[in-house]
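The values are calculated or read from the model by the stated rules, or taken from the named source; none is laboratory data. Computed from a prediction, not measured in an experiment: that's the story for all the values here. With ideal geometry, Cβ positions are generated from the backbone for all residues, glycine too; neighbour counts draw on all protein chains shown. Protein only, heavy atoms only, side chains kept; ligands, DNA and RNA dropped before computing areas. Shrake-Rupley method; radii C 1.70, N 1.55, O 1.52, S 1.80 Å.
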Amino acid sequence: MKKILAITMALFCAAGMVFADEVDEYLKQQEANNKTITIVPKDQHQDGVKTAKVQLEYTPSTHEVHIYYDCLAVSYDQGSAMNTILECLKDFQDQNLQYESYRYMRKDSVKYYNDDRKLKWARYHSWVEFKPRTLDDSIKDYIMQQNKAN
């Protein structure tokens with residue numbers, strides 16, 4: 001009886017080790033897929049604000065983009081920041097044709113901070129999730145383009 005118990009326990013331990021290796025490989029693969037890509041657009045759409053900078057943080061696995069608009073607080077205008085972000089999101093969507101549309105994940109926010117030279121900056125943050133195109137949408141777009149060409 002003790003031998004049978006010892007053999008079954010050994011088999012359970014061996015199966016547990018094999019399963020642990022598979023889980024470890026799976027977790028490493030998931031970490032590689034969850035990488036965040038930082039993108040600085042070439043066309044910043046600054047609308048005359050010389051200190052403005054736009055930066056996108058794109059996570060391909062979740063189709064999410066965090067977009068930041070930074071400028072000096074004295075030259076910050078919320079309307080200009082919103083227009084700049086909308087234009088940058090449109091450019092991003094045009095470059096990544098696999099996305100059909102996007103939706104806001106949270107209300108946009110503005111935060112003020114001081115840099116190391118004691119300058120006050122404003123950061124406008126927007127968080128969006130892009131909706132991937134389905135195969136049906138791609139086929140419809142192709143048919144529409146063919147009809148326009150004829």
Cβ-derived FRET efficiency at R0 22 Å, E22 paired with M1, nearest 0.05:
0.10
At 1.4 Å probe size, with every protein chain present, just tell me what the per residue accessible area of the chain comes to in Å².
74
If one compares the long axis through the Cα atoms of helix 2-33 with the longest principal axis of the Cα atoms of the chain, the angle in degrees, nearest 10, works out at 10
Measure off, as a whole percent, the carbon and sulfur share of the 1.4 Å-probe accessible area of the chain, all protein chains present.
57
Rounded to the nearest 20 Debye, what is the dipole magnitude of segment 63-150 about its Cα centre when Lys and Arg each give +1 and Asp and Glu each give -1 at the C-beta?
300
Work out the charge dipole of the chain with +1 on the Cβ of Lys and Arg and -1 on the Cβ of Asp and Glu about the Cα centre, then indicate which of L97, Y68, L119 is farthest towards its positive end.
L119
Relative contact order, percent, the chain [alpha-carbon distance under 8 Å, six or more residues apart]:
19
FRET efficiency (E87, Q29; Cβ distance; R0 41 Å; to 0.05) is 0.70
Once R0 is set to 25 Å, what does the formula 1/(1 + (r/R0)^6) return for the Cβ-Cβ distance between K118 and K50, expressed as a FRET efficiency to the nearest 0.05?
0.80
